[in-house]
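To start, the structure under review is shown below, and the notes come after it.
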Amino acid sequence: MEPRTPRPPRSYLFVPATRPDRIGKAIAAGADAVIVDLEDAVAPADKDAARGALAAPWHDLRRQAEAAGVSLLVRVNGADTAWFADDLAWCEDAAVAAIVLPKADVAALARLRQVLPGTPCLALLETAAGFADLRDVARAPGVQRLLFGSIDLMFDLDVADDGLPLHHCRSELVLHSRAAGLPAPVDGVCTAIGDDGALAAETARARQFGFGAKLLIHPSQVAGVHAALAPAPEAVAWARRVVEQAAAANGAAIAVDGKMVDRPVLERALRIVAAAP
């Protein structure tokens, strides 16, 4: 049997760079990826101190993340800020595996590539300028995945509802991710900490649009997101029947549960099996 291809992360948990003690706890919280945040979670006066405080524990945190199978990322400050260059210099010295670029657009990506041409990037789309550049952002060298910064986008577009007014942007992220050969994009944060119903509803909506993961702001959200993104047991059972019967047929046409199975149906079944726990 061929080894399974590692699936992209389903959950990206933010943790403030000013709290190195919480980074280890975040790695152990069950999320697939942890984003150490130098941007929104750090006050302007604390930016330099935050990088300095990370220097000593970073090596051990990287080893902890690798042992746990958790991707350890860093969100830097925006390319238009005074902290961007120092953030990138720190990331280079620390051998950060991948950078989360806020307010991503073509110009911001170009500045990142000038300094760190070989470092992978997750592009956080949260401005009108970023969405205007979306096709080029999705195809830019080094971009691994698109992330939805829904809260900041609401502010930039001056809309008061993260539902219907942003649905076009959700579809665009899914469309351009697919066209560029990227994994399904990552939905924005649910700010209702402790509200399991709101988290489940947001994650279900994201899945309906074609998102494959969600940004998180609290460890308590991990289990709910993973559960909401997992295929239903009956869907997994169907998919496994399709895959097994297709393999046994050696390319011949088959029917499962009374319905013909063509290539798109088989591809869907393979995706469900890959996403199963």
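Under a cut-off of 17 Å between alpha-carbon atoms, report the aspartates and glutamates in cross-link reach of residue 214, not counting same-chain residues fewer than 8 places apart.
Those aspartates and glutamates meeting the cut-off are 32, 37, 126, 152, 162, 172, 187, 195, 196, 202.
Could you pull out every residue, at least 5 positions away or on a different chain, whose amide H is within less than 5 Å of the one on residue 126? Hs are placed 1.01 Å off N in the peptide plane, and Pro or chain starts have none.
Residues meeting the amide H criterion: 103, 104, 149.
Based on Cα positions only, what radius of gyration and what Dmax would you give for the stretch 131-248, in angstroms?
So, for the stretch 131-248, Rg and Dmax equal 16.2, 55 Å respectively.
Could you run the Karplus curve 6.51 cos²θ - 1.76 cosθ + 1.60 with θ = phi - 60° over the stretch 7-24 and give me ³J(HN,Hα) per residue in whole Hz, x for Gly and Pro?
Karplus values, whole Hz, x for Gly and Pro: 7, x, x, 9, 9, 10, 9, 6, 9, x, 5, 6, 10, x, 5, 7, 5, x.
Taking H as built 1.01 Å from N, whose amide H comes closer than 5 Å to the amide H of residue 75, not counting residues under 5 places away?
36, 37, 38, 100
Could you go through the stretch 194-207 in sequence order and give the Karplus-derived ³J(HN,Hα) for each residue, using 6.51 cos²θ - 1.76 cosθ + 1.60 with θ = phi - 60°, rounded to whole Hz, and x for Gly and Pro?
Each residue's phi maps through the Karplus curve to give x, 9, 5, x, 5, 5, 5, 5, 5, 5, 5, 4, 4, 5 Hz.
Relative contact order of the stretch 1-139: what whole-number percent is it, with Cα pairs under 8 angstrom and at least 6 residues apart?
18
If each DSSP helix of 4+ residues adds -39,500 (n - 2.57) and the sum is divided by the residues in the chain, what number results at 222 nm, nearest 500 deg cm²/dmol?
My calculation for the chain gives -14000 deg cm²/dmol from helical runs alone.
No value in this document is a laboratory result; all are computed from the given coordinates. Small disclaimer: the values here were computed from a predicted structure and weren't measured.
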